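Taking it in order: structure first as structure tokens, then the write-up.
The values are calculated or read from the model by the stated rules, or taken from the named source; none is laboratory data. Worth saying up front: this structure is predicted, and the values here are computed from it rather than measured. Every residue, glycine among them, receives a Cβ derived from its backbone with ideal geometry; neighbour counts consider all protein chains shown.
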Amino acid sequence: MSRPSPATVIATIALFVAMGGGAYAALKAPKNSVSSRSIKNGQVKRPDLGANAVNGRKVADGSVSSADIQDGGVEAGDLAPGAVESEAPRDVTPNPLTPTDPCDSGQTAVFCGYYTQEPDDGNWENVGGGVAPVRFYRDLSGTVHLEGVATINSYQTRLRAFILPTGYRPASTHLFGTQCWGTNLVDNGDCVLSVEPDGDVWWEVNQDNGMFPRSGMSFGGASFHAAG
């Protein structure tokens, strides 16, 4: 067996030195000398991170979306007090008292009706006098709630009270039994409240008692899940 030539020996030694030197450099890299440019994309895994290595100050604002959070990953105990609240109730605004019904043109969150001199015409309005006004709101579960008491001076058997905006409407018609007061607060009975998918909120006369909301009708207790 022939001896290797000096050139071969030198080349072999140089190869081992080069390989060993790279490994030595990797093991002995000075602190903070490895930058993000030195790391191949996707090579830093969860086990490579120390405890509390990534905190809120190191996450850019708006960089974490709902898609990044595992279902059930956030619990009530993880939320700061007041971090999540239901929206504030929205008032149904007064009727403009014109001969034109604002609901006929699709205006939302305003009392329906028109102002004329006809005895069977009229417009909805809050009862007032310390009685809760008509309002609506959506809670965190997507359930819409109505509340308050309104009145209208009319003997029609079906009257639209107001129109809910998009996002506050049910997927199907919901009917609710509610309290009505006739010509005085002593004369009371059940009325029917109808909430429809187009947002229309209707009062309907209860055929069993013929009650009209001339002194007031309660919208309280009507709740349903918003479509979508």
**Request:** Within the stretch 148-171, identify whether any single residue is surrounded by 13 or more Cβ atoms within 10 Å (Cβ to Cβ), at positive phi, in a loop (DSSP other than H, G, I, E, B) and of a type in the set (Gly, Ala, Ser), and answer yes or no.
**Result:** yes
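Condition test on Thr116, is it assigned by TED's automatic domain parsing to the domain that holds Ser154 and modelled with pLDDT of 90 or more? If you could, list the steps in order and put the result at the bottom.
Numbers: assigned by TED's automatic domain parsing to the domain that holds Ser154: yes; modelled with pLDDT of 90 or more: no.
Here the answer is no, as Thr116 does not meet what is asked.
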**Prompt:** Name the residues in the stretch 22-47 that are at pLDDT below 70 and assigned to a helix (DSSP H, G or I), would you?
**Reply:** Gly22, Ala23, Tyr24, Ala25, Ala26, Leu27
**Asked** So which residues in the stretch 126-146 are small (Gly, Ala, Ser) and within 14 Å of the chain's Cα centre (by Cα), if there are any at all?
**Response** Ser141, Gly142
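Residues that are more than 29 Å from Leu146 (Cβ to Cβ), surrounded by 10 or more Cβ atoms within 10 Å (Cβ to Cβ) and either at pLDDT 70 or above or not acidic (Asp, Glu) (or both): does the stretch 78-100 have at least one? Write out each step before concluding.
In the first step, residues of the stretch 78-100 are kept if they are more than 29 Å from Leu146 (Cβ to Cβ); the result is 78, 80.
Among the residues that remain, those that are also surrounded by 10 or more Cβ atoms within 10 Å (Cβ to Cβ) are: none.
For the stretch 78-100, residues more than 29 Å from Leu146 (Cβ to Cβ), surrounded by 10 or more Cβ atoms within 10 Å (Cβ to Cβ) and either at pLDDT 70 or above or not acidic (Asp, Glu) (or both): absent.
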**Message:** If Trp203 satisfies all but one of (1) surrounded by 18 or more Cβ atoms within 10 Å (Cβ to Cβ); (2) modelled with pLDDT of 70 or more; (3) part of a loop (DSSP other than H, G, I, E, B), what's the number of the condition it fails?
**Reply:** (3)
